[in-house]
Amino acid sequence: MATDKIMVIGSSGQIGTELVMELRASFGNDNVVACDLKSSAQEVMESGPFETLDVLDKTKLLELIKKHHITQVYLLAAMLSATAEQHPMFAWKLNMESLFNVLELAKEGHIKKIYWPSSIAVFGPTTPRQNTPQYTIIEPSTVYGISKQAGERWCEWYFKKYGVDTRSLRYPGLIGWKSAPGGGTTDYAVHIFHEALKKNTYECFLSENTALPMMYMPDAIRATIEIMDAPAEKIKIRGGYNLGGISFSPKDIAAVVAQNCPGFTITYKPDFRQQIADSWPASIDDSEAKKDWGWKPQFDLIAMSEDMFLNLKKNSGKI
Ligand code: NAD
Ligand code: SER
């Protein structure tokens, strides 16, 4: 069987940085082409092919797909929740047109399989907040959430109408040590680790009891590769699977950080991101993903925090 050739669009971002390296480990360095507007992390640039690409340029996108004989596209380029509220029209353009470009090329037979991430941001203030089910009220109140809701519907439509093999996860807030987050409402949960190590204090832009669904990056990368590897008949939902990991508030994570950094202090200064966070679930019911393709998270808050500190300290030469 011919090896899959993979393109990751948005390879310089929080997820792309880690996903490219994991895919290269599984599929071979030369079979994973990283693409972004800007250069990616050094290990991504040095370990395999990289192409500069504006995903809104469909002609160039097709040219690169043909040049590298691409069969699968992971489309990660997007504007995230907090930045999208500041630039609503461009966020809509980027988040939707990038998806249409990829879906259309798949419909025309140039790509066999697409991964496109959705988000907990599809949910809104009228959604039940605790243990939010897969099927529930979905009335997002952010530009980003509206684009994710629309994207989910379009993925399903292209699957039903044209048989385009689309796969999607509603990621919670993602936390990793290798890359910086890119303008989301859940970014505080990454910043807190860096600031604890640098200054032993952190000013949080969400209030202390704002619980949100979160996940450690290794779990998210594994879920992404698992859903893409699953046989097509196991994928019952083409719009976006709920994906559960950890649920915690700034106060919860601050307590765990303090166990690793004695004397650590946190203050709270909620800004416009508080309203976004208040419209999202506190925890997620991911039983459909568990049932359909065997999803199982591995990291809880303690295990995640220990691994974050270990790697950040190693990286900065502190251990
Ligand atoms: P990010 O902002 O860190 O990275 C996005 C990357 O896309 C950046 O490197 C950027 O340069 C690139 N990009 C932007 N415009 C582009 C264009 N026109 N052409 C090519 N590249 C372009 O985002 P991320 O956190 O890695 O998120 C990736 C995807 O996952 C997004 O769809 C996001 O909505 C989704 N998601 C992320 C999270 C999270 O917590 N990180 C949670 C839910 C969903
Ligand atoms: N982490 C993302 C954000 O805050 C959720 O999609 O925008």
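The values are calculated or read from the model by the stated rules, or taken from the named source; none is laboratory data. Since we're looking at a predicted model, the values are computed, not measured. Neighbour counts run over all protein chains shown; Cβ positions are idealised from the backbone, glycine included.
Structure data summary
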read-out	value
Residue check for residue 135: closer than 16 Å to residue 240 by Cβ, in a helix (DSSP H, G or I), hydroxyl-bearing (Ser, Thr, Tyr) and more than 14 Å from ligand 1 (Cβ to nearest atom)	no
Residue list for the stretch 78-118, restricted to those being within 14 Å of ligand 2 (Cβ to nearest atom) and in contact (Cβ under 8 Å) with a residue 60 or more places away in the chain	78, 79, 80, 81, 82, 83, 84, 85, 117, 118
When residues of the stretch 58-77 are limited to those that are among the polar types (S, T, N, Q) and touching a residue at least 40 places away in the same chain (Cβ under 8 Å), the one nearest to ligand 2 (Cβ to nearest atom)	72
Selection count where residues are under 20 Å from the mean Cα position of the chain (by Cα) and hydroxyl-bearing (Ser, Thr, Tyr), scope the stretch 30-80	3
All positions within the stretch 302-319 that are without any contact (Cβ under 8 Å) to a residue 60 or more places away in the chain and at negative phi	302, 306, 310, 314, 319
Residue under evaluation residue 190, criteria (1) in a helix (DSSP H, G or I); (2) touching a helix residue (DSSP H, G or I) at 6+ places or on another chain (Cβ under 6 Å), criterion not met	(2)
Strands (runs of 3 or more DSSP E) wholly inside the stretch 194-278 containing at least 2 residues that are buried (at least 19 other Cβ atoms within 10 Å of the Cβ) and in contact with a Leu (Cβ under 7 Å, 6 or more places away or on another chain)	246-248
Which numbered condition residue 117 misses (of (1) surrounded by fewer than 22 Cβ atoms within 10 Å (Cβ to Cβ); (2) under 18 Å from residue 164 (Cα atoms); (3) not β-branched (Val, Ile, Thr))	(1)
Cross-chain or 6+ apart pairs with Cβ under 8 Å, the stretch 15-40 first and over 14 Å from residue 4 (Cα atoms), then crowded, with 21+ Cβ neighbours inside 10 Å and of a type in the set (D, E, K, R)	16/36
Helices (runs of 4 or more DSSP H) (entirely within the stretch 1-79) containing at least 3 residues that are of a type in the set (A, V, I, L, M) and either surrounded by 15 or more Cβ atoms within 10 Å (Cβ to Cβ) or in contact with a Lys or Arg (Cβ under 6 Å, 6 or more places away or on another chain) (or both)	14-27, 58-67
Qualifying positions in the stretch 182-202 - within 16 Å of residue 277 (Cβ to Cβ) and of a type in the set (D, E, K, R)	187
Selection status of residue 178, farther than 25 Å from residue 251 by Cβ and not hydroxyl-bearing (Ser, Thr, Tyr)	yes
One residue from 99, 75, 62 being within 27 Å of residue 231 (Cα to Cα), among the hydrophobic types (A, V, I, L, M, F, W, C) and away from ligand 1 (no atom under 13 Å from the Cβ)	62
Residue match in the stretch 167-175 (condition: without any contact (Cβ under 8 Å) to a residue 40 or more places away in the chain, outside any loop (DSSP other than H, G, I, E, B) and away from ligand 2 (no atom under 15 Å from the Cβ))	no
Residue 127 under 19 Å from the mean Cα position of the chain (by Cα), modelled with pLDDT of 95 or more and away from ligand 1 (no atom under 13 Å from the Cβ)	no
Condition met for residue 160 (in a helix (DSSP H, G or I) and away from ligand 2 (no atom under 16 Å from the Cβ))	yes
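For (1) among the small types (Gly, Ala, Ser); (2) at pLDDT below 95, each residue gets a yes or a no:
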residue: 3; (1), (2): no, yes
residue: 25; (1), (2): yes, no
residue: 31; (1), (2): no, no
residue: 35; (1), (2): no, no
residue: 41; (1), (2): yes, no
residue: 48; (1), (2): yes, no
residue: 64; (1), (2): no, no
residue: 81; (1), (2): yes, no
residue: 84; (1), (2): yes, no
